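Accompanying notes for the structure given below.
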Ligand SMILES: [Zn+2]
Ligand SMILES: [Zn+2]
């Protein structure tokens with residue numbers, strides 16, 4: 001039985017530090033799973049949410065959208081979704097999917113117009129307990145200790161996003177892929193792509209990030225794109241790829257030159273997958289898109305089925321995000337957010353260990 005109250009980190013006002021408070025533990029209704037959070041990881045979008053509201057947050061709010069938790073109790077309709085007490089679960093951020101709006105029926109639950117987003121438009125994981133939608137959750141292989149849970153947690157944001165990007169790229173055997181931005185998302189993208197057997201090239205402005213993937217032996221080549229114009233990037237990549245442009249480029253960062261270089265780097269009918277979200281509009285040559293028949297494809301956070309496939313693939317290939325070894329507690333949340341704001345993320349994803 002969950003206790004009647006729980007500890008939570010609450011953002012009371014836009015841009016203000018989070019406050020740790022004891023509040024009532026939520027009650028699971030309908031399809032809800034009441035979960036005890038084991039590990040929650042801090043994502044760049046948490047700071048964006050707290051600092052800007054992302055145009056959709058209402059405060060007070062418990063942020064946090066990446067976690068691994070244990071099922072403590074089930075709403076009356078949750079067991080029908082295959083869950084039981086004690087299951088170790090993760091989930092994408094989607095909550096209360098309706099399954100009846102036109103987007104749900106025709107496109108998929110990721111675009112449900114009535115859904116909530118955990119830690120953004122409903123209470124998230126920076127608390128001892130929270131509610132998870134049984135229609136989005138995935139049971140992860142059990143027996144995991146807290147460190148295993150820590151490396152699984154970011155899979156449900158960064159991992160599933162790049163997984164879905166690669167799936168939407170429809171990579172064929174023998175194709176060559178470029179990943180622009182070798183941060184948290186890009187590093188997993190490179191490793192997934194290598195496991196899929198395609199040629200992979202990493203591009204970034206940070207020599208340290210590039211050397212990281214070279215040392216792991218997970219790339220066919222890297223290009224430091226700092227200060228290079230799009231056509232220079234195209235030339236450098238072609239040198240590494242037998243004189244050919246690339247078949248697919250996944251852009252994991254929001255920098256304007258990253259998108260401009262990506263369009264320059266692909267072959268006719270090549271695909272550019274947009275994952276990184278630019279803060280400003282990206283001027284691109286639509287003449288290039290039209291004459292070269294390029295495909296620009298948007299990324300998305302996938303549904304339960306694709307999340308389960310991503311977790312399965314990650315386990316089979318042993319691909320997990322890097323986790324900062326520091327043992328953070330919920331009380332450290334404001335320091336963690338400040339480290340994220342300062343870009344001090346080289347040691348891997350920061351994880352709050354609850355138990
Ligand atoms: Zn995230
Ligand atoms: Zn819907």
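Laboratory data are not the source of any read-out in this text; all were calculated from the coordinates shown. Just so you know, these numbers come straight off a predicted model, no measurement behind them. All Cβ positions, even for glycine, are placed from backbone atoms using ideal geometry, and neighbour counts span all protein chains on display.
Remarks
- Result for the chain in a Gaussian network model with C-alpha springs under 10 Å: among 28, 154, 268, the largest mean-square fluctuation is at 268.
- Theoretical gain in end-to-end length, residue 211 to residue 79 [0.36 nm per residue, Cα-Cα removed]: 42.8 nm
- Two-decimal Rg/Rh across the stretch 1-112, once Rg and the Kirkwood Rh are taken from alpha-carbon atoms: 0.98
- Stretch gain in nm, segment residue 316-residue 54, where the contour uses 0.36 nm per residue and the Cα spacing is subtracted: 90.8 nm
- Relative contact order for the chain: 18 percent, from Cα pairs under 8 Å spaced at least 6 residues apart, divided by residue count.
- The angle separating the long axis of helix 256-265 from the principal Cα axis of greatest extent in the chain is about 50 degrees.
- When only alpha carbons are used to place a centre, the stretch 146-195 and the stretch 75-101 end up 25 Å from one another.
- Helix 230-240 and the longest principal axis of the C-alpha atoms of the chain enclose an angle of approximately 80°.
- Order by protection proxy (mean Cβ within 10 Å, highest first), peptides 272-280, 163-171, 38-46: 38-46, 163-171, 272-280
- Å³ per residue enclosed by the Cα convex hull of the chain: 137
- Degrees, to the nearest 10: 184-196 long Cα axis against longest axis of the chain: 70
- Computed over the stretch 159-298, the quotient of the alpha carbon radius of gyration and 2.2 N^0.38 Å is 0.92.
- Take every DSSP beta bridge whose two residues both sit in the chain; close to 55 percent of them are antiparallel.
- The distance linking the stretch 262-300 with the stretch 312-355 is 31 Å (Cα centroid to Cα centroid, whole angstrom).
- Most mobile of 247, 303, 338 in a GNM of the chain (Cα contacts under 10 Å): 338
- Its DSSP H runs of at least 4 residues, each contributing -39,500 (n - 2.57), put the calculated 222 nm mean residue ellipticity of the chain at -9000 deg cm²/dmol, to the nearest 500.
- Percent RCO, i.e. relative contact order, over the stretch 1-117, from Cα pairs under 8 Å lying at least 6 residues apart: 23
- With a Förster radius of 56 Å applied to the C-beta separation of residue 286 and residue 147, the computed FRET efficiency comes to 0.70.
- Global geometry of the stretch 214-355, whether rounded, prolate or oblate, following the gyration tensor of its Cα atoms and the 1.5 cut on a/c: prolate
- Comparing 312, 51, 281 in a Gaussian network model of the chain (Cα springs below 10 Å), the most mobile by mean-square fluctuation is 281.
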